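> Have a look at this one before I ask anything.
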Amino acid sequence: MNFTETHLKGCYIIEPRVFKDVRGYFFESYNEKVFNEGVNVKVNFVQDNQSFSSKGVLRGLHYQTGAHAQAKLVRVLSGSVLDVAVDIRPESETYGQYVAVELTAENQKQLFIPRGFAHGFVVLSETASFFYKCDNFYNKESEGGIIYNCPEIGVDWQLPVTDFLVSEKDAILPNLSKAKKIW
């Protein structure tokens, strides 16, 4: 696996070694030892989640606060998404900055999002299956969110706003400056 740290400290793009032949392909999507060495921190994933969405579905920007903060390892099983991680660590030099990576079933890239980040994605293909690991269990009281079109962050979602399908809950999330603090 190849680990490339983004400009956001601790946030990595991970590219597996894919072995292809006439039968198809094989790759190791996760190996605890290799992963922990690659991201330079010990992460213990405890929960796997999966979603299926159609083109234009935008989920996010979500995070968990305090003792329930979560690190995530995300990837796409089918289709294509633009995956976004926003640094919301108050002491960080890159607070409020984001990284956006196209994750597809074809490129097999993954994104590791450490604790202290908000996360979201928009589906670019007709449909997409999205899979992610979390290092902490979901806790409803600790959920936080930032509106997807927050002018303080300025995410370029690569689709026209008229194409977005956003949940009622996500459509009323606050801007970064009014969002629930991570710690």
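The values are calculated or read from the model by the stated rules, or taken from the named source; none is laboratory data. All values reported here derive from a predicted model rather than from experimental measurement. Glycine gets a Cβ as well: all are built from the backbone with ideal geometry, and neighbour counts include every protein chain shown.
> Here are VAL39, VAL74, VAL86: which of them is at pLDDT 95 or above and in contact with an Asp or Glu (Cβ under 8 Å, 6 or more places away or on another chain)?
On inspection, the qualifying residue turns out to be VAL74.
> Now a separate question. Do you know which residues across the stretch 138-181 are more than 19 Å from ILE88 (Cα to Cα), surrounded by 14 or more Cβ atoms within 10 Å (Cβ to Cβ) and without any contact (Cβ under 8 Å) to a residue 60 or more places away in the chain?
none
> Just name the residue that is farthest from ILE182 (Cα to Cα) out of those in the stretch 71-123 that are assigned to a strand (DSSP E or B) and among the acidic types (Asp, Glu).
Looking at the filtered set, the residue picked out is GLU102.
> Let me ask another. Among the residues of the stretch 144-172, which ones are of a type in the set (D, E, K, R) and over 21 Å from VAL99 (Cα atoms)?
Across the stretch 144-172, the qualifying residues are ASP163, GLU168, LYS169.
> Tally time: how many residues in the stretch 12-56 are touching a helix residue (DSSP H, G or I) at 6+ places or on another chain (Cβ under 9 Å) and part of a loop (DSSP other than H, G, I, E, B)?
Summing the residues that are touching a helix residue (DSSP H, G or I) at 6+ places or on another chain (Cβ under 9 Å) and part of a loop (DSSP other than H, G, I, E, B) in the stretch 12-56 gives 7.
> Further question: Could you please find all residues in the stretch 109-137 being under 18 Å from VAL86 (Cα atoms), hydrophobic (A, V, I, L, M, F, W, C) and surrounded by fewer than 21 Cβ atoms within 10 Å (Cβ to Cβ)?
Within the stretch 109-137, just CYS134 meets the criteria.
> Does at least one position in the stretch 15-28 carry a residue that is surrounded by 14 or more Cβ atoms within 10 Å (Cβ to Cβ) and not hydroxyl-bearing (Ser, Thr, Tyr)?
yes
> Mind checking which residues of the stretch 1-20 are in contact (Cβ under 8 Å) with a residue 12 or more places away in the chain, within 14 Å of GLN108 (Cβ to Cβ) and charged (D, E, K, R)?
Result: GLU15, ARG17.
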